[in-house]
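Below is one structure, written out as structure tokens; the observations come after it.
The values are calculated or read from the model by the stated rules, or taken from the named source; none is laboratory data. Note that the structure is predicted; figures quoted are calculated from it, not measured. In this analysis, Cβ positions are derived from the backbone assuming ideal geometry, glycine residues included, and neighbour counts consider all displayed protein chains.
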Amino acid sequence: MKSGVIDITRPVNLKDEYDVVIIGAGPAGSRCARLIAEEGFSVAVFEKRAEIGAPKRCAEGIGVKALQRMGYTGNERFVAQHIDGFYLYAPNGKEFMVEYGSSQGCVVERKVFDKFLAYDAAKAGASFFTRTEVVDVLRDDGKISGVVIRYGEEEFEVKAKVVVSAEGIEGKIARKAGIDTTNKLINVDSGYQYEMANLTMKDPKKLYFYLGNEIAPRGYIWIFPKGEYVANVGIGIGGVGATKKAKEYLDAWIENHPEIFGEASIIEENAGGIPVGGLLEDMVRDGFVVIGDAAHTVNPIHGGGMDEGTKAGEMAARVICECLEQGDVSHNALAKFNKLWWKERGEKLKRVEKLRQVIEKLRDDDLNFLAEELDVQDVIDFAGGKNLTKLAKILIKRPKLIKLATILR
């Protein structure tokens, strides 16, 4: 490029080298970027989409404590609705209602929330580049030393001491780096969601969950309110065993509930895969770390990934900064992230995964049986991976379920 001539094929302000490159500007990537940048290290975040936060592939629910952990109050303009409890419905229609008594969660607008996370990371010093796809990794003597990016029709090499994959469920760059992020089909739910307006909800400050193999095999249907008359209405079904597509199950269920959706309109449609298992034992290589959905760190019961992804991003940032300060970004040094994550989150999620493995094998009559045996606190405990021995004791009341009960012990 001639002096004084701007190369419009190159991303604005792109440097040839950074301390850390992060792939993906979702919550996990942006949160990780902010914390690393706050420690004075140079960070580049590459997002392949033209707009951060869009399109959403998420029901958009997150706890207030999670937002507070990230430095927010829960009253920012990205919050669409405060949530103070939830309804859970068994296949036979039995209703569980959990009332927290105060706002414990939020439904956010991801198109705004993700940008807030990016804004704060950029303010801390991280550099963001949209419409910039990472297509490969660079290696120096067998170790990851950067990435190859594609911007428009051009490709560029960008050096980095550490590369972080926060690229989502696809995880293709993590695989190029030598981490097998391929998941078993049984661990990937198929999701479809509408954002709908002018629907009727019993309480717009509650979440709604509907169970049943007839309506959502190996999964559930949800309503996440975003206001008094607006909500995300979606479904997640198991990757194997279903006889129809996720959208077909969801459409049929909506049509069967005119009291809720009789006058409703679809404002937006989204679809995607949801990792609900297959946790990785080793999430690092020399100069490389994988976090968030790419590492399958999603709650296996409800499929929520924002809280888990940002927690993983925070832990990864802590370890990466320590390794950069010590001048050692080898596998052995970065492996501290594995130990930290498994201690803080992995063991709990592994228990929740066992619970999912049991629940998805239950028939509707079994789910109805459980609905008669459980109380509200049981539902709360089980969703968090707690007190699973009580569930095992209930299951063995039915001889055909004894084998499933042993999974929880």
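Please work out which residue is surrounded by the fewest Cβ atoms within 10 Å (Cβ to Cβ), limiting yourself to segment 209-238 and to residues that are of a type outside the set (D, E, K, R) and over 14 Å from Trp253 (Cα atoms).
Gly227
Could you tell me which residue of segment 24-38 is farthest from Gly292 (Cα to Cα), considering only residues that are hydrophobic (A, V, I, L, M, F, W, C) and in a helix (DSSP H, G or I)?
Residue satisfying both the conditions and the ranking: Ala37.
Suppose we filter Val162, Val134 for residues that are crowded, with 18+ Cβ neighbours inside 10 Å, in contact with a Ser or Thr (Cβ under 9 Å, 6 or more places away or on another chain) and of a type outside the set (Phe, Trp, Tyr); which single one remains?
Val134
Of the conditions (1) surrounded by 14 or more Cβ atoms within 10 Å (Cβ to Cβ); (2) at pLDDT below 95, Glu95 satisfies every one except a single condition; which number is it?
(1)
Would you pick out the residues in segment 58-76 that are of a type outside the set (A, V, I, L, M, F, W, C) and either in the same structural domain as Thr130 (by TED's automatic domain parsing) or outside any loop (DSSP other than H, G, I, E, B) (or both)?
Gly61, Gly63, Lys65, Gln68, Arg69
Can you tell me which residue is nearest to Val230 (Cα to Cα) among those in segment 157-195 that are touching a residue at least 24 places away in the same chain (Cβ under 8 Å) and in a helix (DSSP H, G or I)?
Taking the candidates together, the pick is Asn187.
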